[in-house]
Amino acid sequence: MAETYHIGQPGQIWGEAERSQWLSEQSIPRAYQDHVLNKLVSVSSLFTVFEYGRLSYDTERYPLVAARSFDLPTGKPFALITGGVHGYETSGVQGAIRFLLTEASHFAEYFDILIAPCISPWGYETINRWNPDAVDPNRSFIDNSPSEESKLLMDMVKSYADEITVHIDLHETTDTDNSEFRPALSARDNVEHAIWDIPDGFYLVGDTENPCHDFQSAIIDAVSKVTHIAPADDAGKIIGESVTQPGVINYATKALGLCTGFSDARFNTTTEVYPDSPKVDDENCILAQVAAITSGLDFVVKRA
């Protein structure tokens, strides 16, 4: 089980004092402007980069940006690519940007594409799972969301699309999930959480209510040519969930308030890259994310 976290008192959920202490301990080792905004200057002329909101806790530093391949929806299948819901999951952000800069123009022939590469820029800068209120955006894609990051994304997406064909959300599972984030979660909510073995490799999280087995399989097959796929543990599980096929588990995405749940997409998945593996580097992780997107979209094109 999780060790006692250094903030808070055993048996008590966090109040404002604990959340303030947690926030005061955060620092900014990298710049959203340099890593994200500056890279979006050179996108294809087929795409429009636009601002869909600003985070109220620092409106100048954190404009929220996305890119779209259309002015008004054209009637093509609608593809939503999201990254950086958890800001510390670096390859999710950089994979979405790399796809936008290198592969998205090709797929614009087949889809109306909307890409939100860095949903939680404060989390990206501070290398954090939560937002400044110690709220997890990826448990907040719900009505009356407690996360400004989640609410602004949902409002923007719904202004463009009534029906989404494919939604791919880009994430990572890191060693800090066990060393920092799950212990902090246990302390914040006064709930014990098991510490799982971090899976060494890429895997997918599908939707229990819409598992899309063939879609997930096509992505795993493509990504396996780029990086290694996470094996199940001795109990046949990955992060505590039963494996439904090699490299795939399912969550109740809507009930849990996950990003892929709000879109009600016909085909949806959440990628999970393991950047701390000795078998990979930053570039390999980015390429794995791009392969997941392109293979998922190729699957849908072939099914059309």
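The values are calculated or read from the model by the stated rules, or taken from the named source; none is laboratory data. Keep in mind it's a predicted model, so treat the numbers as computed, not measured. All Cβ positions, glycine included, derive from the backbone under ideal geometry; neighbour counts span all protein chains shown. Calculation scope for accessible area: heavy atoms of the full protein, side chains included, ligands and nucleic acids excluded. Shrake-Rupley method; radii C 1.70, N 1.55, O 1.52, S 1.80 Å.
A few points about this structure:
- Within segment 252-267, residues that are farther than 11 Å from residue 138 by Cα and of a type in the set (Gly, Ala, Ser) sit with their Cβ atoms under 6 Å from residues that are part of a loop (DSSP other than H, G, I, E, B) and open to solvent by 20 Å² or more (accessible area, probe 1.4 Å), at 6+ positions apart or across chains, in these pairs: 252/208.
- Residue 49 on the phi < 0 side of the Ramachandran plot, of a type in the set (Val, Ile, Thr) and not in a loop (DSSP other than H, G, I, E, B): yes
- Boolean, residue 175 is out of contact with any strand residue (DSSP E or B) (no Cβ under 8 Å at 6 or more places or on another chain) and either at pLDDT below 95 or more than 21 Å from residue 63 (Cα to Cα) (or both): yes
- When each of 12, 21 is tested for being over 22 Å from the mean Cα position of the chain (by Cα), over 25 Å from residue 66 (Cβ atoms) and free of Cβ contacts under 8 Å to residues at least 24 places away in the same chain, the lone residue that passes is 21.
- Checked against (1) of a type in the set (Ser, Thr, Tyr); (2) under 17 Å from residue 156 (Cβ atoms); (3) touching an Asp or Glu at 6+ places or on another chain (Cβ under 6 Å), residue 48 meets all criteria but (3).
- Look at segment 57-77: where a residue is among the hydroxyl-bearing types (Ser, Thr, Tyr) and a partner is open to solvent by less than 80 Å² (accessible area, probe 1.4 Å) and part of a loop (DSSP other than H, G, I, E, B), sitting 6+ places away or on another chain with Cβ atoms under 8 Å, you get 57/132; 62/55; 69/47; 69/108; 69/111.
- Take the conditions (1) within 21 Å of residue 39 (Cα to Cα); (2) open to solvent by 20 Å² or more (accessible area, probe 1.4 Å); residue 144 misses just one of them, which is (1).
- When residues of segment 53-92 are limited to those that are under 29 Å from residue 133 (Cβ atoms) and of a type in the set (Val, Ile, Thr), the one surrounded by the most Cβ atoms within 10 Å (Cβ to Cβ): 85
- Residue ID - nearest to residue 264 (Cα to Cα), chosen from residues in segment 197-211 that are open to solvent by 30 Å² or more (accessible area, probe 1.4 Å) and in contact with an Asp or Glu (Cβ under 9 Å, 6 or more places away or on another chain): 210
- Of all the numbered requirements in (1) open to solvent by less than 50 Å² (accessible area, probe 1.4 Å); (2) part of a loop (DSSP other than H, G, I, E, B); (3) not polar (S, T, N, Q), residue 95 misses one, and that requirement is (2).
- Taken together, 174, 165, 227 contain a single residue that is in contact (Cβ under 8 Å) with a residue 60 or more places away in the chain and farther than 23 Å from residue 261 by Cβ, which is 227.
- Among the candidates 32, 5, residue that is more than 17 Å from residue 149 (Cα to Cα) and in contact with a Pro (Cβ under 7 Å, 6 or more places away or on another chain): 5
- Whenever a residue of segment 104-123 is open to solvent by 10 Å² or more (accessible area, probe 1.4 Å), its partners that are in a helix (DSSP H, G or I) and of a type in the set (A, V, I, L, M, F, W, C), lying with C-beta atoms within less than 7 angstrom and at least six residues away or across chains, give the pairs 110/301.
- Selection status of residue 225, at pLDDT 95 or above, basic (Lys, Arg), in contact with a helix residue (DSSP H, G or I) (Cβ under 9 Å, 6 or more places away or on another chain) and over 18 Å from residue 164 (Cα atoms): yes
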